[in-house]
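Trainee: Here it is, the structure, as structure tokens.
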């Protein structure tokens, strides 16, 4: 069995697929990182970068959309996603060991605060399921802020060519383009609102994405320049912790909670309709 | 991995391992190529050619296949479903501790640790993402209609997750810092 399957995977048809992926990869990497900086009156309003990985998926989608790729090729590429994501996971996990001293030194306040990252689900999941009636794409979009590690997790668990994959990829693109702008505004509002202490907001700024960390720390430092050092330390430590534990938090808590919440709400809502849930699970 | 389980169909291990072997090697090689283009494009101080990554790729493949073997073996014993990626993450995390990594490196005459030295050949996370996303672009062609239909909803939901994590973290931080008397 193994030998026969191996031969199939090394057949001409599959080599055509590998070649296609190779070309997409080279083109995407050659385009490189494209930086956008939206400037108004000489002041940077917000900025974002589009990475090669985004071009890679866009080129693939465009090729598919213009019917240049057969459905057979799409199906052939599908299992490669869950498998190809493994090096990514190891690369992410390797930050745990070196970060361990920082985690131990931070103590339980910062560690406890990590559970705040589960707040992603509280607002978004009910709306996604009940208002937008998103189906299982809701799980992919809601369990995290959809950065690179989240894509890896969904790729492994559901595959990116699934409803959940659509959710996480859509949210990833949203975050890439709008993330810094959105967090810049949000952080300015809270910095002026006087609801939370600046230290608490600094910890909230560390959510595992470098650009979003910067965008949500800057307004805070501007509002409280006398606390700049502490704010940056809290934010950076919280960010390091999230980088180290995000993978595990998502896998052990966030995704199961989303699955459970989705089933609960989808059942209540769609009970009398012809099983929306079932249709999507096929 | 989860897909086969959902249907509760008997797993075709021959097919599964053939796919794992071929796609892992293909993706690893492509990642090394992406890595080189990344270095060339960003005018990195040290140029890393794809073949110079061989040790990192080999080490990755060893970790990957050990995880797969653990996953398949334990799936038969454990009563609950453990995602394959968790084995990878835990194994990767454990091996990243200097207390383990440095002696492992010592075996091969690498002073800084096996993972620390070999993985340093990668410029970063981004080149590793590109091969997977290139495959995903092709495979997601089927989902194109979904994307178009749900685009607006997903944008709204993504922004809500941003608000959620920010407020959630701030609330817990505020409570804990208060309890500690820091603020």
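Trainee: I'd like the full set of residues that are without any contact (Cβ under 8 Å) to a residue 40 or more places away in the chain, more than 7 Å from chain B (Cβ to nearest Cβ) and crowded, with 20+ Cβ neighbours inside 10 Å, limited to segment A:42-85.
Mentor: Correct list: A:55 only.
Trainee: Taking into account only those residues within segment A:158-168 that are part of a helix (DSSP H, G or I) and at the interface with chain B (Cβ under 7 Å from one of its Cβ atoms), which is nearest to residue A:79 (Cα to Cα)?
Mentor: Applying the filter and picking the extreme gives A:165.
Trainee: While we're here: Yes or no: residue B:17 at the interface with another protein chain (Cβ under 7 Å from one of its Cβ atoms) and either crowded, with 18+ Cβ neighbours inside 10 Å or without any contact (Cβ under 8 Å) to a residue 40 or more places away in the chain (or both)?
Mentor: yes
Trainee: Would you check if residue B:113 is more than 7 Å from chain A (Cβ to nearest Cβ), under 30 Å from residue B:37 (Cβ atoms) and touching a residue at least 40 places away in the same chain (Cβ under 8 Å)?
Mentor: When the stated conditions are applied, residue B:113 does not pass them.
Trainee: Quick one: which of B:163, B:167 is facing chain A (nearest Cβ under 7 Å) and surrounded by 19 or more Cβ atoms within 10 Å (Cβ to Cβ)?
Mentor: Sole residue among the options that is facing chain A (nearest Cβ under 7 Å) and surrounded by 19 or more Cβ atoms within 10 Å (Cβ to Cβ): B:167.
Trainee: If residue A:103 satisfies every condition in (1) touching a residue at least 12 places away in the same chain (Cβ under 8 Å); (2) in a loop (DSSP other than H, G, I, E, B); (3) surrounded by fewer than 20 Cβ atoms within 10 Å (Cβ to Cβ) but one, which is the exception?
Mentor: All conditions pass for residue A:103, except number (2).
Trainee: Given the conditions (1) facing chain B (nearest Cβ under 7 Å); (2) within 13 Å of the chain's Cα centre (by Cα); (3) farther than 14 Å from residue A:208 by Cβ; (4) free of Cβ contacts under 8 Å to residues at least 40 places away in the same chain, which single one is not true for residue A:155?
Mentor: Unmet for residue A:155, out of (1) facing chain B (nearest Cβ under 7 Å); (2) within 13 Å of the chain's Cα centre (by Cα); (3) farther than 14 Å from residue A:208 by Cβ; (4) free of Cβ contacts under 8 Å to residues at least 40 places away in the same chain: (4).
Trainee: Hey, another quick one. Out of all the residues in segment A:33-40, is one or more assigned to a helix (DSSP H, G or I) and within 9 Å of chain B (Cβ to nearest Cβ)?
Mentor: No, segment A:33-40 contains no residue that is assigned to a helix (DSSP H, G or I) and within 9 Å of chain B (Cβ to nearest Cβ).
Trainee: I've got another one for you. Could you tell me how many of the residues in segment A:96-110 are more than 7 Å from chain B (Cβ to nearest Cβ) and modelled with pLDDT under 80?
Mentor: The number of residues fulfilling the criteria is 9.
To keep it simple, each residue is scored yes or no on (1) in contact (Cβ under 8 Å) with a residue 60 or more places away in the chain; (2) more than 8 Å from chain A (Cβ to nearest Cβ); (3) surrounded by 15 or more Cβ atoms within 10 Å (Cβ to Cβ); (4) out of contact with any helix residue (DSSP H, G or I) (no Cβ under 7 Å at 6 or more places or on another chain).
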position: B:28; (1), (2), (3), (4): no, no, yes, no
position: B:37; (1), (2), (3), (4): yes, no, yes, no
position: B:45; (1), (2), (3), (4): no, yes, no, yes
position: B:50; (1), (2), (3), (4): no, yes, yes, no
position: B:53; (1), (2), (3), (4): yes, yes, yes, no
position: B:56; (1), (2), (3), (4): yes, yes, yes, no
position: B:64; (1), (2), (3), (4): no, no, yes, no
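Trainee: Let me ask something additional. Looking for whichever is at pLDDT 85 or above, part of a helix (DSSP H, G or I), farther than 22 Å from residue B:137 by Cα and out of contact with any strand residue (DSSP E or B) (no Cβ under 8 Å at 6 or more places or on another chain) here; the options are A:73, A:4, A:13. Which one fits?
Mentor: Just a single option satisfies the conditions, and that option is A:4.
Trainee: Looking at A:168, A:131, A:177 in this structure, which one is closer than 15 Å to residue B:151 by Cα and in contact with a strand residue (DSSP E or B) (Cβ under 7 Å, 6 or more places away or on another chain)?
Mentor: Answer to the check: A:177.
Trainee: Hey, does segment B:1-13 have a residue that's modelled with pLDDT under 90 and farther than 25 Å from residue A:160 by Cβ?
Mentor: Checking segment B:1-13: at least one residue is modelled with pLDDT under 90 and farther than 25 Å from residue A:160 by Cβ.
Trainee: Turning to a different aspect of this structure: Scan segment A:193-210 for residues that are buried (at least 24 other Cβ atoms within 10 Å of the Cβ), assigned to a helix (DSSP H, G or I) and either free of Cβ contacts under 8 Å to residues at least 60 places away in the same chain or touching a strand residue (DSSP E or B) at 6+ places or on another chain (Cβ under 6 Å) (or both) and jot them down.
Mentor: Result: A:200, A:201, A:202, A:205.
Trainee: Filter segment B:122-146 for residues that are farther than 30 Å from residue B:60 by Cβ and surrounded by 18 or more Cβ atoms within 10 Å (Cβ to Cβ) and give the result.
Mentor: The answer is B:146, and nothing else.
Trainee: Related question: Among the candidates B:93, B:99, which residue alone is at the interface with another protein chain (Cβ under 10 Å from one of its Cβ atoms) and buried (at least 21 other Cβ atoms within 10 Å of the Cβ)?
Mentor: B:93
The values are calculated or read from the model by the stated rules, or taken from the named source; none is laboratory data. Being a predicted model, the structure only gives us computed values, none of them experimental. FYI the Cβ positions are ideal-geometry reconstructions off the backbone, even for glycines, and counts take in every protein chain you see.
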